[in-house]
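Some notes on the structure that comes next.
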Amino acid sequence: MDTLQKLQEKSSQTVFDKKVLNIIQYLHPYVKHRLYVAEITRILPKNMYSSTGIIDDSIINLYKNKYNPDADLNIIKLHLFEIVDDFLKILFEKESFHKNTISTRFILEEELHNLEEHYTINGDMDYIMSEELDDISYKQEDGYKHLFLYANKVDFKSVQYRRRTQ
């Protein structure tokens, strides 16, 4: 009798696994889009999290907490979407400090660009550095917009304004 029960449990486990695998095809685009929106709004840095990792963690959570091998496909889908949504909500709250930070990648790119030596050819077909060109049209290529950060906030209530007298 014990062997029959183990076989039934194993067959119900494989049926449940197939249901979960069927749901993943609907879950993957949802998670991918939510991560994309979070990256665009700068809540998350780019490529910090992957959709497959979040889905895997959610499936583990499903097996730990809401595991019912006889559940209907739609109920399992709702539970899995609920788990993923809760996971993403906690993740966005935890990682929201990235919205107020600056990535060092931009500073690094600017510094590396400034270290590059750009050459061009003059009228005599000689190589010269671009910095040696003296026309103003060559000097207007700097496309970086500098961002200056200040540590202290100004308290406008304590600042006294003086009117200009003319």
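Listing for the model above:
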quantity	calculated
Average Cα contact separation per residue, region 2-100, under 8 Å, 6 or more apart, as relative contact order %	37
Student exercise, region 2-100 dipole from Lys, Arg, Asp, Glu Cβ charges, in Debye to nearest 20	320
Span from the region 28-52 Cα centroid across to the region 54-70 one, whole angstrom	21
FRET efficiency, 1/(1 + (r/R0)^6) with R0 35 Å, evaluated for His113 and Asp85 via beta carbons	0.25
Approximate shape of region 2-100 as ellipsoid semi-axes (Cα gyration tensor, √5λ), whole Å, largest first	33, 12, 10
15 Å beta-carbon shell around His28, net charge (K/R +1, D/E -1)	0
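Throughout, read-outs are computed from the coordinates displayed, never taken from laboratory work. Treat the numbers as computed from the prediction; the structure is a model and nothing was measured. Cβ atoms come from the backbone with ideal geometry, glycine included; neighbour counts cover every protein chain shown.
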